[in-house]
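Working notes, beginning with the structure itself.
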Amino acid sequence: MFDVSQNLKHLFKRPNGSIEFLDGLRAILSLWVLTFHTIWFWGNYYTEADLPGFFADPYLRIFLRGVFGVNGFFVLSGFLITRILIKELEKTGKIAFQRFYVRRLWRLWPAYIFAIVVYFFTIGDHSESLWANLFYLNNFLPFETQAFPWGWSLAIEEQFYLVAPLFIFWFFKIRSLKKKIVWSISLLAIAVLIRATLSYLNPDQGVSLHPTLQPEFYRWHFDHLYDKLWVRYGELLLGVMIAFFHVHPIWHKIRKFLIILILFVIGTLFINFPLVFDFSTSEAVFSVTVVQFIVPVGISALILVGLMNQKSWLFKILGQKFWYPMAQLSYSLYLIHPIVIHLYFHYLKPDTQSLVNYSSVMVSLGIVTGLSLLSSVLIYLFIERPFLNFRDKIS
């Protein structure tokens, strides 16, 4: 269980039967989220007048689009979990619900509890609310009272997976392809409609991508359009739908369309979206509704194209073995990297005085990435992997 050499082998040895290009995709999404959080944290040192200039810099823009990285993780999570449950259904005709939930807890809790303890002794803000994190209820608390605030995505996933196995079991039993398609489109449409409705009915509110700019907009956006299951379930559902439908021959017929869609989504990442806007216009409502959903749709298209042709040059690159350790570390990395960022800025105090200091930004990204990876390796070897070994042994 605590054999470090064996745990190290698990970190580098890819098991048979895995979808190799997903390792590269998961690794890139992990690094994208990390770089976004580093640049975002940098924004805390700017005034309201200077921050838009810093965030609008074209060379930093792609890092700032890492805000969409979690959307991609939701799609991946929905796909991988559903794929596992479909295999179980095909083999046994049922889902062992108790086994599913117990395995999820053994997978998530050990590293999560450790990260929460580290948070308590390092950052410690709103520690009286940490109980909510342990029960994955933290996203129901107001933004300004949340502890371990990046844990909102974990809460959304676990809330989704309370009902997802039942949904997957029911969906699997539907034999009519037409009914499955109708249900899928309807549920995805409802997800988009919920975001649009919440925006449209609150014209005095809006979006701010940083608390320095219009803090009341930032709080409202986070609490209503960012960290709740009912505005995020569509991204997880996209992954579920890919797992069910990716074998259908229709995707081969529209592969060119999917590739165009991927290129379109990549192009939108370079557009300079406003950092702050209110919902007084229909264009703003459309923007916050569609833009938030377009990246997971693009990632879904990328996964579909990859599943059809894993031997193309792009998916060969994403499937290289060097991505695998990074993919394995993605959970521990997500848990620990904001703490590393906080400690780095608190104790090492990088040069944040000039509006855009590229050398200091790149050095900071390098140091934060290195320290975060080192921390995640230690968590994986001594906490995450040992408990996974124990889980596999008892189940």
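The values are calculated or read from the model by the stated rules, or taken from the named source; none is laboratory data. Source: prediction; values computed, not measured. Ideal geometry is used to build each Cβ from the backbone, glycine not excepted, and the neighbour counts take in all protein chains shown.
In region 204-220, the count of residues that are in a helix (DSSP H, G or I), more than 30 Å from Phe41 (Cβ to Cβ) and free of Cβ contacts under 8 Å to residues at least 12 places away in the same chain is zero.
Set side by side, the residues Phe217, Phe277, Phe244 differ, and just one is surrounded by 14 or more Cβ atoms within 10 Å (Cβ to Cβ), over 30 Å from Ala164 (Cα atoms), modelled with pLDDT of 85 or more and not charged (D, E, K, R), which is Phe217.
What do you reckon, is Gln320 in a loop (DSSP other than H, G, I, E, B), closer than 30 Å to Val182 by Cα and in contact with a helix residue (DSSP H, G or I) (Cβ under 8 Å, 6 or more places away or on another chain)? So Gln320 fails the test. Can you confirm whether Val207 is crowded, with 21+ Cβ neighbours inside 10 Å, at pLDDT below 95 and not aromatic (Phe, Trp, Tyr)? In short, yes.
Among the numbered conditions (1) farther than 19 Å from Val295 by Cα; (2) modelled with pLDDT of 85 or more, the only one that Ser30 does not meet is (1).
Of all the numbered requirements in (1) within 29 Å of Ile294 (Cα to Cα); (2) surrounded by fewer than 19 Cβ atoms within 10 Å (Cβ to Cβ); (3) more than 22 Å from the chain's Cα centre (by Cα); (4) not small (Gly, Ala, Ser), Phe54 misses one, and that requirement is (2).
Ile194 meets each of the listed conditions (1) crowded, with 17+ Cβ neighbours inside 10 Å; (2) in contact (Cβ under 8 Å) with a residue 40 or more places away in the chain; (3) closer than 28 Å to Phe286 by Cβ apart from (2). Counting only residues that are part of a helix (DSSP H, G or I), surrounded by 12 or more Cβ atoms within 10 Å (Cβ to Cβ) and without any contact (Cβ under 8 Å) to a residue 60 or more places away in the chain, region 110-129 holds 5 of them. Filtering Val265, Val305, Val295 for residues that are farther than 22 Å from Ser372 by Cβ and touching a residue at least 60 places away in the same chain (Cβ under 8 Å) leaves a single hit, Val295.
Restricting attention to region 17-47 and to residues that are free of Cβ contacts under 8 Å to residues at least 60 places away in the same chain and part of a loop (DSSP other than H, G, I, E, B), the residue that is nearest to Phe79 (Cα to Cα) turns out to be Ser18. Each residue in region 140-150 was checked for being farther than 14 Å from Arg232 by Cβ, of a type outside the set (S, T, N, Q) and in a helix (DSSP H, G or I), and 4 pass.
All of Ser312, Ser376 fail the test of being surrounded by 21 or more Cβ atoms within 10 Å (Cβ to Cβ) and of a type in the set (S, T, N, Q), apart from Ser376.
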